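Single-structure report; data block below.
The values are calculated or read from the model by the stated rules, or taken from the named source; none is laboratory data. Note that the structure is predicted; figures quoted are calculated from it, not measured. In this analysis, Cβ positions are derived from the backbone assuming ideal geometry, glycine residues included, and neighbour counts consider all displayed protein chains.
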Amino acid sequence: MNINNIKLAAQKMQDVLFRTPIVPAPWLSKKIRGTVYLKLENLQYTSSFKPRGALIKMLNLTPEQKDKGIVAMSAGNHAQGVAFHAQRMGIPATIIMPESTPIAKVERTRNLGAIVVLSGSNLAESELTALEFVEKGLTLIHPYDDEDIITGQGTVALEMLEDRPDIDTLIIPVGGGGLASGCSIAAKALNPNIKIYGVQSTACPAMIHTLYPERWFMPPDSSSLPLAEGIAVKNPGMITREILKTHLTDILAVEDTEIEDAVDALAMGAKVVAEGAGAAAVAALIKNPDLFYGKTVGIIVCGGNIDSRVFSSLIMHSLVRQEKFIRIKIKIPDTAGTLAKVTGIIGHLGGNIFELIHQRHFTNYSSKMTVLEVTIETRGRDHSQQIIQELINEGFPTSFYRT
């Protein structure tokens, strides 16, 4: 694998896939007093970078392999990339997906004509099922640990540095390592001095544990589903780990809550819809602004396949953390006119009451006292504190409602 292979792959893509835009992100540039560009792979066919590598791999299949069919295991994006090309090329495709895969990704894969089998709680378990199909004669299209796949993914960085040769730093999400491996090969060939940072979620830091065993740490909650399921890979590639070991500057870890805030920031700041994995690199920059101070940074937004329900819930979670959406408890006497006074205080200060529950019975107070549970839309932390403090000053004990 080298830059010539990657350039040849880019030529093969010209009539099939399109060159995704790379756009400035001034709202992120301000955070590092440098320049930040976003490579919008969420705008690629099937809304991720995955069709790139899948195309190069499938172009190299023999006629016999095409006739017998292919199998792939994927949490969603690789599945859609493979199914997209299989439908276009007339190749039978079976996709093994973890049982926890978001419904939107499952349905999109089926709509592309692939047979979908839900098996296993994670990608590693899905791979075991995929290997059973390989024994039946199907050809495995591996999501990351394959030279053709890696070569195809490298075209992302090739395009970035052709369009913006002044980029001196790349931030790339890392799951199994295919995208980061291909991009690092291309980037180092074009600019040997470029800094390349991988990003993993603390919910599944397998590549960090593999390359930097001295940093081993327990994921925060192994029983919860990771937000960035696209990079939740428990078995890093054998090929990719060797490439990343010599090409990466470092791998940064971000928490799910930081990824949620990055998804929200992309939606609000750039009007870009990104899935968890797609926003991981943005989360790393927001978390580590000093590391990228004054740099010209290229960030890969690697995918935009996110359930509408998850997206809306995620945005609300982010608003709650920013205290733009708060829920407070207010202790008041159960007398006529008191409720009107409380809501008047909130309204006068510009708070928008979203929901109000007058809790008379389920409290520890006397029958002459009651509790209001009020959900309010605010302008942020300072505004929230102003509302709470004013209520307290007016004689109404107030605190945040915690669950």
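Of the helices (runs of 4 or more DSSP H) lying entirely inside the stretch 33-116, the ones with 1 or more residues being at pLDDT below 95 are found at 77-89, 103-111.
Does at least one position in the stretch 363-378 carry a residue that is closer than 14 Å to ILE346 by Cα, surrounded by 12 or more Cβ atoms within 10 Å (Cβ to Cβ) and touching a Pro at 6+ places or on another chain (Cβ under 9 Å)? Scanning the stretch 363-378, I find no residue that is closer than 14 Å to ILE346 by Cα, surrounded by 12 or more Cβ atoms within 10 Å (Cβ to Cβ) and touching a Pro at 6+ places or on another chain (Cβ under 9 Å), so the answer is no.
Mind telling me which of the residues LEU138, LEU123 ends up being assigned by TED's automatic domain parsing to the domain that holds ASP67 and modelled with pLDDT of 95 or more? Answer to the check: LEU138. The set of residues from the stretch 136-171 being on the phi < 0 side of the Ramachandran plot and among the small types (Gly, Ala, Ser) comprises GLY152, GLY154, ALA157. Residues of the stretch 321-341 that are of a type in the set (S, T, N, Q) and more than 28 Å from the chain's Cα centre (by Cα): THR335, THR338.
Against the test of being touching a residue at least 60 places away in the same chain (Cβ under 8 Å) and of a type outside the set (A, V, I, L, M), the options LYS66, LYS12, LYS50 yield a single qualifying residue, LYS50. Scanning the stretch 293-311 for residues that are touching a Gly at 6+ places or on another chain (Cβ under 9 Å) and either of a type outside the set (Phe, Trp, Tyr) or crowded, with 24+ Cβ neighbours inside 10 Å (or both) yields a count of 12. As a summary of the residue check, VAL117 satisfies the conditions (1) under 22 Å from ALA9 (Cα atoms); (2) without any contact (Cβ under 8 Å) to a residue 40 or more places away in the chain; (3) among the aliphatic types (A, V, I, L, M) except for the one numbered (1).
Of ALA253, ALA267, ALA336, ALA340, all but one fail to be among the small types (Gly, Ala, Ser) and farther than 30 Å from ILE388 by Cβ; the exception is ALA253.
Taking the criterion of being farther than 15 Å from ALA280 by Cβ and surrounded by 21 or more Cβ atoms within 10 Å (Cβ to Cβ), the residues of the stretch 179-193 that qualify are SER181, GLY182, SER184, ILE185, ALA186, ALA187.
Filter the stretch 13-32 down to residues that are of a type in the set (A, V, I, L, M, F, W, C) and in a loop (DSSP other than H, G, I, E, B) and give me whichever is surrounded by the fewest Cβ atoms within 10 Å (Cβ to Cβ).
PHE18
It is to be established whether one or more residues within the stretch 130-143 are of a type in the set (D, E, K, R) and in a loop (DSSP other than H, G, I, E, B). Within the stretch 130-143 (the criterion being of a type in the set (D, E, K, R) and in a loop (DSSP other than H, G, I, E, B)), the answer is yes, since at least one residue qualifies.
Being under 15 Å from the mean Cα position of the chain (by Cα), part of a helix (DSSP H, G or I) and among the polar types (S, T, N, Q) is true of THR257. Hey, does the stretch 318-326 have a residue that's polar (S, T, N, Q) and either touching a Cys at 6+ places or on another chain (Cβ under 6 Å) or touching a residue at least 12 places away in the same chain (Cβ under 8 Å) (or both)? For the stretch 318-326, residues polar (S, T, N, Q) and either touching a Cys at 6+ places or on another chain (Cβ under 6 Å) or touching a residue at least 12 places away in the same chain (Cβ under 8 Å) (or both): present. Listed by first and then second residue, the pairs linking a residue in the stretch 342-353 that is in contact (Cβ under 8 Å) with a residue 40 or more places away in the chain to a residue that is among the small types (Gly, Ala, Ser) and surrounded by 15 or more Cβ atoms within 10 Å (Cβ to Cβ), with Cβ atoms under 9 Å apart and 6 or more places separating them unless they lie on different chains, are ILE345/GLY351.
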